[in-house]
Amino acid sequence: MSPLTITSRDAATGPVLEITGDLDHATAPQLRSAVDQLTVTRGQVLVMDLGGLEFCDSSGITALLAARNLAIEQGGDIALAAVPANTARILTLVGLDRVFTIHPDTAAATVPRSAAR
């Protein structure tokens, strides 16, 4: 079991949370707390960099959905970046690959929308 580490930084497109370790029943409240401390303004995108995620259970998926809800409530959006293959498979199986915008890495997720066109 790997401890959950969450690092927050700002990008031109909005806040970025880098998540490493295990996101499960015991650690999901830690992610929820980190997200609750963020402000996502209208037009910004909250990017969740999952490149260091080692494990994610249903509680972790629920925490990601809660982050999505918060970002949307604040007028922003959310994107997942560098999703590990095992987590991407789960997201696809339950149809959440159609709910979340998924990018191959944080660099792609943080390109301003006007530059991405």
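Only one residue in Ala67, Ala109, Ala79, Ala88 is under 16 Å from Ile6 (Cβ atoms) and surrounded by 15 or more Cβ atoms within 10 Å (Cβ to Cβ), so which one is that? Residue meeting the stated conditions: Ala67. Checked against (1) closer than 20 Å to Ile6 by Cα; (2) without any contact (Cβ under 8 Å) to a residue 40 or more places away in the chain; (3) in contact with an Asp or Glu (Cβ under 9 Å, 6 or more places away or on another chain), Phe55 passes all but condition (2).
Here Asp36 qualifies as at pLDDT 95 or above and farther than 21 Å from Ala108 by Cβ. Quick one: is Ala66 free of Cβ contacts under 8 Å to residues at least 60 places away in the same chain and out of contact with any strand residue (DSSP E or B) (no Cβ under 8 Å at 6 or more places or on another chain)? Yes: the conditions hold for Ala66.
Only one of the numbered conditions (1) in contact with a Leu (Cβ under 7 Å, 6 or more places away or on another chain); (2) surrounded by fewer than 19 Cβ atoms within 10 Å (Cβ to Cβ) is violated by Leu23, and that is (2). Do you know which of the residues in the stretch 68-110 that are part of a helix (DSSP H, G or I) and under 11 Å from the mean Cα position of the chain (by Cα) is nearest to Ser58 (Cα to Cα)? Per the stated criteria, the residue is Arg68. Remark: pairs (first residue in the stretch 80-91, modelled with pLDDT of 95 or more; second residue among the acidic types (Asp, Glu); Cβ separation under 8 Å; 6+ apart in sequence or on different chains) = Ala81/Asp49; Ala81/Asp105; Ala82/Asp49; Ala82/Asp105; Pro84/Glu54; Ala88/Asp97; Leu91/Asp97.
The values are calculated or read from the model by the stated rules, or taken from the named source; none is laboratory data. As the structure is a prediction and not an experimental result, all values here were calculated from the model. As a convention, Cβ positions derive from the backbone with ideal geometry for all residues, glycine included, and neighbour counts pool all protein chains shown.
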